[in-house]
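To start, the structure itself, in structure tokens.
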Amino acid sequence: MNDQSIMENLLLTTKGVADLYLHGAIESTGGQPVHGAFGSALNETLCMQEQIYQKMASKGWYPTQQAEQQKIDQVRQKFAGIQ
């Protein structure tokens, strides 16, 4: 397994953990202490995810594409009337 594969696995795992913490924060019924614990864990996980993403992007391991302005405008128009 090479470094890129390891980083991809770390990123996927971190995203999965963030999803679990998000649902825990939304669904928790244990009051502020439990909700706060899930919220803090989610925030820390999102920070880790960002660091992993930035490292991968700097090495060219997470290529992205710029959205076409026409497509952006189409989506903006589609949702302009929704409030």
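The values are calculated or read from the model by the stated rules, or taken from the named source; none is laboratory data. None of the values given here were measured: they were computed from a predicted structure. Neighbour counts run over all protein chains shown; Cβ positions are idealised from the backbone, glycine included. The protein model used for the area step is the full one, side chains on, heavy atoms only, and it has no ligands, DNA or RNA in it. Shrake-Rupley method; radii C 1.70, N 1.55, O 1.52, S 1.80 Å.
Assorted remarks:
- Convex hull projection area averaged over all views, segment 1-49, Cα basis, nm²: 3.2
- Carbon-plus-sulfur accessible fraction, the chain (probe radius 1.4 Å, protein heavy atoms only): 55%.
- Neighbour cut-off at most 14 other Cβ (10 Å), DSSP loop, trypsin sites (Lys or Arg not before Pro), the chain: LYS59
- Ratio of the Cα radius of gyration of the chain to 2.2 N^0.38 Å, where N counts its residues: 1.49
- Top positive-direction residue, dipole computed over the chain with Cβ charges, set THR13, SER28, THR64: THR64
- Counting only Cβ charges, +1 for Lys and Arg and -1 for Asp and Glu, the dipole size of the chain around its Cα centre is about 220 debye.
- Residues in the chain average 80 Å² of solvent-accessible surface per residue, probe 1.4 Å, ligands and nucleic acids excluded.
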